[in-house]
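Visitor: Input: one structure, supplied below.
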Ligand SMILES: [Zn+2]
Ligand SMILES: [Zn+2]
């Protein structure tokens, strides 16, 4: 029996198409045909019983278990097929570490140079087979691409059962051509390559087929090794997901992987404080007020010309600076490449393989750049004094204070000039419940406001302070 025939037979049995399997055995005209036909009968019976007893757990995949005697027959055929000279090399082999992954730390030798991606250098460390455990006969560590069917019972590989092997258990895939994640046949659940248009087991079109789900990428720092991501209990996972979906069980990670409680408390507190601040700012009520008095203040500041200390980078010292002294100071920082940091990641490609990559980026350190800083004296204008004037009534007309300037109009040491002017006009009011407050207004409004006149103002409900920008004459 050739390798192809044996694989076809396994596919048919794995897909639960026992009649076609029988036809295949009969067409082969082999001495052990009768034995094989009996075996197929027995498998069909087992599958029926299993489907009847646990239809939910097994899903659409026929549950097929082999009695050990007949299993021996299949494996004998398998060995025979492997010994036969065939065009294609034998595909059913036992898992064994045929190639060791490059150990962490050293870049792989003899491989193509790394590819650049967003400032990172990615070294290809090869493509390896995912592992899977047969959920029907419990055979462990089957290979993702070699064992598309369980070599023990013939069940089709379930892509949801794939897991990453431990480092050191890697089985390399040489010259792997990646065509995309596998597809699962919607009618027989058979596993198909991404480029297949029709199911290899049942011939159904695969345009609607679901893509095999992939595991999330795993990352490890330099110097550590990956452990196996662990064999997966597909039935339990599906059960858990279903329980979560219908809400019987709370989401497994909720609360656990989320934020710590104290952080939630801090955020809630922060939000409350913000709300409180907004409320005290915007929650106001109308309050009547009466004008009790006026007052005004004016002020003139005076600057004097004279020596002042100053500093600047020596390439931009202002004209007229004297008494220069210089010293070295840090002007900026330069980024100096300082080695690289790497981590290793492995990515489930969804076709029974994963690729491993070493991702490196350059780390930099800050190196100070020194320059000459100049300290000096320079003659310039600076604040010297201020002269105020004030009054207590509209009748006391506002005026600018008289100032006497030394040597006005000259820029020599000790001479003075007018700096800035400022003026405020205050209305002194009292609210209906006896609270006194002041509001600054324009000089015209101040002048026009009559004593004992009535006003309206918004007062904060929380802080009780009047909002002067809402002050309006009443009526
Ligand atoms: Zn199996
Ligand atoms: Zn199919």
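Laboratory data are not the source of any read-out in this text; all were calculated from the coordinates shown. Predicted model, so just to flag it, every value in this text is computed and none were measured. Every residue, glycine among them, receives a Cβ derived from its backbone with ideal geometry; neighbour counts consider all protein chains shown.
Visitor: Please report how far the C-alpha centroid of the stretch 161-180 lies from that of the stretch 195-251, rounded to the nearest whole angstrom.
Guide: 16
Visitor: Give the separation of the Cα centroids, the stretch 296-343 to the stretch 19-39, in Å.
Guide: Centre-to-centre (Cα) distance: 94 Å.
Visitor: Next up: On full extension of the chain, what length is gained from residue 115 through residue 240, given 0.36 nm per residue of separation minus the C-alpha to C-alpha distance?
Guide: Gain on stretching residue 115 to residue 240: 40.9 nm.
Visitor: What order do you get for 232, 261, 421 when you list them from fewest to most C-beta neighbours inside 10 Å?
Guide: Working: 232 18, 261 9, 421 12.
With the sparsest Cβ surroundings first, the list reads 261, 421, 232.
Visitor: Additional query: Any idea how far the Cα center of the stretch 413-462 sits from the one of the stretch 354-379, in Å?
Guide: So the two Cα centres are separated by 53 Å.
Visitor: Let me ask something else about it. Can you put 377, 344 in order, fewest other beta carbons within 10 Å first?
Guide: Starting with the residue having the fewest Cβ neighbours, the order is 377, 344.
Visitor: Let me ask another. Would you mind calculating the relative contact order of the stretch 292-473 from Cα pairs under 8 angstrom and at least 6 residues apart, reporting the percent as a whole number?
Guide: About 32 percent, as a whole number.
Visitor: Arranged by the count of other C-beta atoms within 10 angstrom, fewest first, what order do 296, 132 take?
Guide: Least to most surrounded, the residues fall as 296, 132.
Visitor: Taking N as the number of residues in the stretch 292-473, what value does Rg over Cα atoms divided by 2.2 N^0.38 Å take?
Guide: Working it through for the stretch 292-473, the quotient is 2.03.
Visitor: Next question. Distance in nm between label sites at residue 367 and residue 272, each 7 Å beyond Cα in the beta-carbon direction?
Guide: Taking the simple label geometry, residue 367 and residue 272 are separated by 5.3 nm.
Visitor: Rounded, prolate or oblate: which fits the stretch 288-383 when a ≥ b ≥ c are the square roots of the eigenvalues of the alpha-carbon gyration tensor, with rounded for a/c under 1.5 and prolate only if a/b beats b/c?
Guide: Values: a/c = 8.27, a/b = 1.73, b/c = 4.78.
Verdict is oblate for the stretch 288-383.
Visitor: Would you mind calculating the gained length between residue 418 and residue 285 on full extension (0.36 nm times residue separation, minus the Cα-Cα distance), in nm to one decimal?
Guide: Length gained between residue 418 and residue 285: 43.5 nm.
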